[in-house]
Amino acid sequence: VFNSVLQRYPVVMSTYLGVIGRVLLQNGSFFSSLLTQMAVDFHQEMDQLLGSLIEMWVDRMDNITQPERRKLSALALLSLLPSDNR
């Protein structure tokens, strides 16, 4: 799911972002470890990868039509505000 979001597959993007949002809200430490592993796999820095994810998420927010998924995405993005990442 995370890989598909980063590769910008638009067909099921709102569903994928919903899954990522739920993981982020339910288990932030798992999300952080997943992000670290994905950064290693993609040969990028974790901050750079997280930045790409956030940029994609914000760009695709208008494509999320269901109110409950929009709310979930907004809450998940807001949960990233107090993080230690650049």
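Side notes on the structure shown:
- Checking each residue in segment 28-57 for being closer than 23 Å to Val12 by Cβ and open to solvent by 90 Å² or more (accessible area, probe 1.4 Å) picks out Phe30, Gln37, Glu55.
- Among the residues of segment 1-32, those identified as within 15 Å of Met61 (Cα to Cα), at pLDDT below 85 and not small (Gly, Ala, Ser) are Val5, Leu6, Arg8, Tyr9, Pro10, Val11, Val12, Met13, Thr15, Tyr16.
- Of the residues making up segment 58-73, those that are closer than 8 Å to Leu17 by Cβ and open to solvent by 40 Å² or more (accessible area, probe 1.4 Å) number 2.
- Near pairs, Cβ below 7 angstrom, 6+ apart or cross-chain, from segment 21-38 (farther than 15 Å from Gly51 by Cα) to any residue that is hydrophobic (A, V, I, L, M, F, W, C) and loosely packed, with under 14 Cβ neighbours inside 10 Å: Val23/Phe30; Leu25/Leu75
The values are calculated or read from the model by the stated rules, or taken from the named source; none is laboratory data. Values in this document were obtained by computation on a predicted structure and should not be read as measured data. All Cβ positions, glycine included, derive from the backbone under ideal geometry; neighbour counts span all protein chains shown. The area values use the complete protein model at the heavy-atom level, side chains included, leaving out ligands, DNA and RNA. Shrake-Rupley method; radii C 1.70, N 1.55, O 1.52, S 1.80 Å.
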